[in-house]
Amino acid sequence: MEIQDLYIEINREIQQNKDGLIRLGRELFSCPEPGFKEVESNQILTSFLRGHGISCRSDLCLTGILATIGSGDGYHIALVADMDALVVNDGEKSYPCHSCGHSIQTAVMAGVLKMLKDLNIAEETGGRISFIAAPAEEFIEFDYRQKLKEEGKINYFSGKQNMIEQGVFDDVDCVLTMHVNGETETLFDVNSTLAGFMVKKAVFTGQASHSGAAAHMGRNALHGASLCMDAVAYMKDQFPADAGLQIHPVITECGGSVNIIPEKAVLETYVRANTLADLLEAGEKFDLCAVHSAAALGLSCRIENRTGYMPLKQSKELNEIIYRHMREICPEEKIIKNVVSGASGDIGDLGYLLPAVQFGFSGIRGRIHSSEFAIVDEENAYLHTAEIVMKTVCDILINPQLQVKNEDFKERKEFYLKNWLYKEI
């Protein structure tokens, strides 16, 4: 089949399935569940897939799903979607809400897999297409996730990080995903970046003493934390503006009472940067600021690290395909290019290991991550995005010259496991 004829078939397939796709999206939106709790979402998706003759695993990282079509050993494309919701507050109560739009991408990618199965594109090209629904993208509910970790149910706080360690992506060649881009007059964004981050906790320990009668005999842990904050502020000047470095430490604990020199102070912060090199360097320099501030005052300091997410650098080659299909839907002025964002996501980890894209789409009203979030343009959110993904998948599977790979995947994963995930406490 000629590629233009295939595009016509794709558009026809979307029109035939649009009601079911939007219905799936609404159903998922109506059952928001935070990370590693996506039980009902799992049931909805597995029922949808199996109801259309697609077998799947439904127990990855507790609630994650893997479904693959195509039996060949050719190029393997992963359609990746986040499953989880956030907890928001409307001023009166807190409750789970899909205020980051993950229900949209999950419905679209599951629907796309079903429609591509109907078109038989994987079998005809000898390739494979996998739908991977990943839990726990939002970096929240630390106590709950720490408990799961202690029980041996997860190793890391992110669904994708657990999946990477478990080898789910070892035979994948590229990753396609998407994410709502907020309330905007444009329809899409392409080739945006995300900042990476790590979480630091510096515990300063000194010596308690009477703050009036014997203050000189104490070693004030709060002074160490305060000195560290000054050192970090000065250290940030060693990075250029385009590094996107953001470090804003806060004191989260200080032991003792008003008449006692505090013997313990805890300083916590995110360290954010636009590139992996700058992020790792900033993390090391933060540690030096904390340890040497403590030493200067006769204190001890213990650094605790929690793995965050790597910066996202998207595949130029894949984004060129994505952009071409966006242009078939709307004029160029409706597409934003090369947005530099201070937000983060665990898609950055996949983007380090594999050629990956995460294009943005509009169609919502209200602030992301708030109780105001609502889906108002279902055609763009569900149908146009499905069209872009389906046409991109077909382009890649039909044209070997578009089948980009990271030939050094094994080396990248080895570095990732030893130099990134190992930092998890």
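The values are calculated or read from the model by the stated rules, or taken from the named source; none is laboratory data. Values in this document were obtained by computation on a predicted structure and should not be read as measured data. Note that we place each Cβ from the backbone using ideal geometry, even for glycine, and neighbour counts take in every protein chain shown.
Assorted remarks:
- The single condition among (1) surrounded by fewer than 17 Cβ atoms within 10 Å (Cβ to Cβ); (2) among the β-branched types (Val, Ile, Thr); (3) closer than 24 Å to Ser192 by Cβ that Ile260 does not meet is (3).
- The residues of segment 186-215 that are in contact (Cβ under 8 Å) with a residue 40 or more places away in the chain and part of a loop (DSSP other than H, G, I, E, B), listed by number, are Thr186, Leu187, Asn191, Ser192, Ala195, Gly206, Ala208, Ser209, Ser211, Gly212.
- Sole residue being touching a Pro at 6+ places or on another chain (Cβ under 9 Å) and touching a residue at least 40 places away in the same chain (Cβ under 8 Å), chosen from Glu141, Glu123, Glu137: Glu141
- Within segment 86-97, residues that are in the same structural domain as Phe142 (by TED's automatic domain parsing) sit with their Cβ atoms under 9 Å from residues that are β-branched (Val, Ile, Thr) and assigned to a strand (DSSP E or B), at 6+ positions apart or across chains, in these pairs: Ser94/Val87; Ser94/Val88; Tyr95/Val87; Tyr95/Val88; Pro96/Val87; Pro96/Val88; Cys97/Val87; Cys97/Val88.
Condition check ((1) buried (at least 21 other Cβ atoms within 10 Å of the Cβ); (2) over 30 Å from Arg327 (Cβ atoms); (3) small (Gly, Ala, Ser)) across all residues:
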{"position": "Gly224", "(1), (2), (3)": "yes, yes, yes"}
{"position": "Gly256", "(1), (2), (3)": "no, yes, yes"}
{"position": "Val266", "(1), (2), (3)": "no, yes, no"}
{"position": "Tyr270", "(1), (2), (3)": "no, yes, no"}
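- Any hit, segment 144-162, residues being under 23 Å from Phe359 (Cα atoms) and charged (D, E, K, R): yes
- Residue ID - nearest to Ile22 (Cα to Cα), chosen from residues in segment 373-403 that are without any contact (Cβ under 8 Å) to a residue 24 or more places away in the chain and acidic (Asp, Glu): Glu379
- Matching residues in segment 237-247 - criterion: being more than 23 Å from Val339 (Cα to Cα) and either touching a Cys at 6+ places or on another chain (Cβ under 9 Å) or not acidic (Asp, Glu) (or both): Gln238
- The single condition among (1) outside any helix (DSSP H, G or I); (2) without any contact (Cβ under 8 Å) to a residue 60 or more places away in the chain; (3) closer than 17 Å to Ala295 by Cα; (4) of a type in the set (Gly, Ala, Ser) that Ser226 does not satisfy is (1).
- Test for Lys418: is it at pLDDT below 95 and in the same structural domain as Tyr156 (by TED's automatic domain parsing): yes
Residue by residue, here is whether (1) assigned to a strand (DSSP E or B); (2) free of Cβ contacts under 8 Å to residues at least 24 places away in the same chain holds:
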{"position": "Tyr270", "(1), (2)": "yes, no"}
{"position": "Val291", "(1), (2)": "no, yes"}
{"position": "Asn305", "(1), (2)": "yes, no"}
{"position": "Leu318", "(1), (2)": "no, no"}
{"position": "Ser344", "(1), (2)": "no, no"}
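Per-residue answers, yes or no, for (1) within 21 Å of Glu387 (Cβ to Cβ); (2) over 25 Å from the mean Cα position of the chain (by Cα):
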position: Gln15; (1), (2): yes, yes
position: Ile22; (1), (2): yes, no
position: Leu28; (1), (2): yes, no
position: Phe36; (1), (2): no, no
position: Gln43; (1), (2): no, no
position: Thr46; (1), (2): no, no
position: Thr68; (1), (2): no, no
